[in-house]
Every structure is written in structure tokens, then in C-alpha cells.
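Student: Below is one structure. I have some questions about it.
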Amino acid sequence: MITITKYFQNFFNNSQSSGVILLFCVAISLLIANSSLAESFQHLLHYTLGAYSVEIWINDGLMAIFFLLVGLEIKREIVEGELSDIKNASLPIVAALGGMLVPAAIYAIFNSGTEYSNGWGIPMATDIAFSLAIVSMLGKKVPASIKIFLAALAIVDDLGAILVIAIFYTEQIHWMYLGISGGIMLLLAALNYFNVQKHIFYLLPGVVLWYCMHHSGIHATIAGVLLAFTIPTNVSKTEISPLEKLEHGLHKPVNFLIMPIFALANTNITFVEGMVDGLASSLGLGILGGLFVGKALGIGLFSWVAIQLKLSSLPVGSNWIQMIGTGFLAGIGFTMSIFIALLSFKSHIDIQNEAKFAILIASGLSGIVGFMILKRSAKKKAIKA
């Protein structure tokens, strides 16, 4: 019994584990979608639970908690982490910018003026869990600085995705609810100003903020990020702040429950004849080109320019081959890309499924190529030594 407990403790503390569980849920979701259970599963997702369907509770409710964790990570990095020093932060910020602009441009080239044009945000995203799970599989073969660079890049990338969702994927604004949301934010800011430490005083108004955001027309998940930015933190290395406590408390529920549930509910692609051919459509090429080619190209090019201009320097102990491999790993869009695809093509299930399939293929290719490049670079280094 003690051995089993230790095993599970090690498993849940392992950064690879969340990626393994996500992959398992993707496989289960695909199996369900292509079996006799497909119709029953759809009924379950559309089943009304209280005010909303199960699907809305997952995509708007649970994902708001995911975005709360992302917001906490962003704030901590800005206050005391990799993004707190402009010299350290410049490379992942510039790289993330390239990793967003180039994929969006590639997608736009393929889809400008088509019915798919609204999906330009899909290839901009990087999936933190999957990308970090894969790089962690290489262990000490990859410098710690590369892992930090990828984590910082993914966090900046998520901030970009959050802004894109808030600005470009909001339909109709209901000003009364938005005004109430503003009032709640003032209350949360006041609590932060007076250094209120107990989480409950932030989380309860946060629930109301989520409700008002949901009804305002702005995607409800943004409430999670706004709430995160009001949680108190500090730069002390000895004293644990409320932000760090909440972040620590959310990691396992988000990584081992919320994200797997999201993957299970949203990767349910029913394979139909011609779906593979759809990869050659402008939608498929835009997503494949954006994630698989655009991410690595944008990150590599923008990083090279920043280093040539002496704005940044390569991560300690790394080389350009490893940077290229990291760029490919950032092409694993998965969770965030699927999320933006759902927002881009609301009520167009067929287009959503085509986009999901393209995201699945592009993310898989990016992960395999990135892993192989980083593994090969480690072998070359070992031979030279």
C-alpha cells in the first residue's frame, strides 16, 4: 500500500504525467466519437445542468479555472520570475511575438476572403502542458535554460491568446453586465491594495465576476485572468504569498482534471470520408502551415533578429539547433488552438471538426519533430564531448 501511494505521488508530481493523461483522454474521446457511443456522448454534452449545458460548464466554467491558473503564472513571472528582468524576458517575449504573428499571417494567406477567415487565431497558441511534458521527457539532455525559455514563451503566448479572445472573439457587448464586472474588479483591486490575504474574499467575488462576464458577451474565461491579477503576491523567496499558495493548489486539479475533461469533451472528432483530404483545404493548410511551419519560423526568425540587435542572448548552454527544436515544440497548439477554433466557428460543427483534426495532426507533427531535433542535438553534443 505504501509503495502504491509513493508511486502515485511520484506520478502526479511528474511534469510528464499531465501530458500522458491528456494523450489518453484524446485517444478515449476519439474512440467514443467513432463508436456506437458517439450519439449518447453528444447528448451528455448537451444535457442541461442548472442554467447551462454540460458543454458550456466545461468550456466556459472549468476553463475559467484553467485561465485563472494561467493568469497566476503570468503575474508571478512578471513580479518575481523569468519575465521580471527585461534582459531575461526580452527573448521569450520577442520569440512569442514571432510565434504568434507569423502563424496568423500564414493562416490569413491561405484563408483571406473565405468562410474560414475568422480562424486566424487558431495557430497562434501554444499548449503549455503538452510542450513542457515533451521537453521534460528529454531530462538532462536539454539545458534547463531551454526549458525555462519554453515555459516563459508559452506563458507570454497564452497572454497573447487571452488578449486575442477578449478583443477579437467577443460578439455582442451587454454594457450593464460589463459595468457590474468593472465594479467587482474595483472591489478586488481594493482588497489587493489593503493586502487582504484570505483567498475566499477574492474567490467569491470572482464567481460573480465570471457570471457577469458570461452575460456581458466577453468570453467568461477572461474573468479567470482578471481575478488572477488581483491576487496578492510578493518578491520574497522565504514567505509564500497568497498567489503562490493558490497557484500551487490549482496545478493538480487543472492538469489532472480540468484539462483532461476539456480534451475528452472537445476532441471527439468523428472521422468521415474526405476528412484527410480536408487537410489540403485552405483551412487545413492554414492550420498545418501556421502551427507546424509558422511557429518554428516565427520563433526562430524573431529570436535571431533580437540576438543580432543585442537585445537578447541565447539561453545559457543552448545552441540554435535546440532553439529550432523548441520552436517546433511551441507548435503544439492543442488545448488553446481547439478552444479558439470553437470560438471561431460557433454552430459550424463540421468546420470545427475539420479544424480539430488539422490541429491534432499539426500538433502531433510539431511534437515529434521538436522532440527528434532536441534529442539529436543532445547526441551530437555527447559525441563532441
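Student: Run residue 163 past the list (1) under 16 Å from the mean Cα position of the chain (by Cα); (2) surrounded by 17 or more Cβ atoms within 10 Å (Cβ to Cβ) and report the number of the one that doesn't hold.
Tutor: Residue 163 satisfies all of (1) under 16 Å from the mean Cα position of the chain (by Cα); (2) surrounded by 17 or more Cβ atoms within 10 Å (Cβ to Cβ) except (2).
Student: Residue check: is residue 41 outside any loop (DSSP other than H, G, I, E, B), at pLDDT 90 or above and aromatic (Phe, Trp, Tyr)?
Tutor: Working: outside any loop (DSSP other than H, G, I, E, B): yes; at pLDDT 90 or above: yes; aromatic (Phe, Trp, Tyr): yes.
So residue 41 passes the test.
Student: Sticking with this one: May I ask you to list the residues in region 339-355 that are assigned to a helix (DSSP H, G or I), surrounded by fewer than 24 Cβ atoms within 10 Å (Cβ to Cβ) and in contact (Cβ under 8 Å) with a residue 12 or more places away in the chain?
Tutor: The answer is 342, 343, 344, 351, 353.
Student: Quick one: would you say residue 249 is farther than 20 Å from residue 23 by Cβ and touching a residue at least 40 places away in the same chain (Cβ under 8 Å)?
Tutor: Values: farther than 20 Å from residue 23 by Cβ: yes; touching a residue at least 40 places away in the same chain (Cβ under 8 Å): no.
For residue 249, the condition - farther than 20 Å from residue 23 by Cβ and touching a residue at least 40 places away in the same chain (Cβ under 8 Å) - is not met.
Student: Could you please tell me which pairs satisfy a Cβ distance under 6 Å, a separation of 6+ or placement on different chains, a first residue in region 371-385 that is under 14 Å from residue 327 (Cα atoms), and a second residue that is modelled with pLDDT under 90 and part of a loop (DSSP other than H, G, I, E, B)?
Tutor: Close Cβ pairs (under 6 Å, with a partner that is modelled with pLDDT under 90 and part of a loop (DSSP other than H, G, I, E, B)) amount to 374/138; 374/142.
Student: Say we look at region 110-139 and pick out the residues that are in a helix (DSSP H, G or I) and without any contact (Cβ under 8 Å) to a residue 12 or more places away in the chain; which of these is surrounded by the fewest Cβ atoms within 10 Å (Cβ to Cβ)?
Tutor: In this case the residue turns out to be 139.
Student: Which of the numbered conditions does residue 35 fail, given that it passes all the others? Conditions: (1) modelled with pLDDT of 85 or more; (2) of a type in the set (Ser, Thr, Tyr); (3) assigned to a helix (DSSP H, G or I).
Tutor: (3) is the only condition that residue 35 fails.
Conditions (1) buried (at least 16 other Cβ atoms within 10 Å of the Cβ); (2) closer than 16 Å to residue 78 by Cβ; (3) in contact with a helix residue (DSSP H, G or I) (Cβ under 6 Å, 6 or more places away or on another chain), marked per residue:
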position	(1), (2), (3)
146	yes, no, yes
158	yes, yes, yes
191	yes, no, yes
197	no, no, yes
211	yes, no, no
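Student: Here's something else I'd like to know. Could you please find all residues in region 293-338 being under 13 Å from residue 131 (Cα atoms) and assigned to a loop (DSSP other than H, G, I, E, B)?
Tutor: 330, 331, 332, 333
Student: Could you go through region 357-366 and let me know if any residue there is open to solvent by 10 Å² or more (accessible area, probe 1.4 Å) and without any contact (Cβ under 8 Å) to a residue 12 or more places away in the chain.
Tutor: The answer is yes; a qualifying residue exists.
The values are calculated or read from the model by the stated rules, or taken from the named source; none is laboratory data. Source: prediction; values computed, not measured. Glycine gets a Cβ as well: all are built from the backbone with ideal geometry, and neighbour counts include every protein chain shown. SASA here: full protein model, heavy atoms, side chains in, ligands and nucleic acids out. Shrake-Rupley method; radii C 1.70, N 1.55, O 1.52, S 1.80 Å.
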